[in-house]
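A short write-up of the structure that comes next.
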Amino acid sequence: SSGSDDIVRVNATVEDIQTALKSAGHYTGKIDGKLGLGTKQAIVEFQKANHLTADGILGKRTWKLLKANLKE
């Protein structure tokens, strides 16, 4: 099955991911909980900016850096 399972490999909601990407300045879309093209592209941009493998997959390393952008 395609969908978020192929991309999100950590225990994080799409809303949290979008919020963190937005805080990091890589996502400009709506926080809608949908893993659309904009969200996928933002993950790749975030990975490039942080010298991670830009594969568009949100694994542990990417999420560790990304979730630092989530303000508690």
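Descriptive notes on the structure:
- Carbon + sulfur, % of accessible area of the chain - ligands and nucleic acids excluded, 1.4 Å: 49 percent
- Å² per residue, accessible surface of the chain at 1.4 Å: 64 Å²
- If you count Lys pairs in the chain whose Cα atoms are under 21 Å apart, skipping same-chain pairs closer than 8 places in sequence, the total is 23.
The values are calculated or read from the model by the stated rules, or taken from the named source; none is laboratory data. Since this is a predicted model, take the numbers as computed values, not measurements. Please note that ligands, DNA and RNA were not included when accessible areas were found on the heavy atoms of the full protein model with its side chains. Shrake-Rupley method; radii C 1.70, N 1.55, O 1.52, S 1.80 Å.
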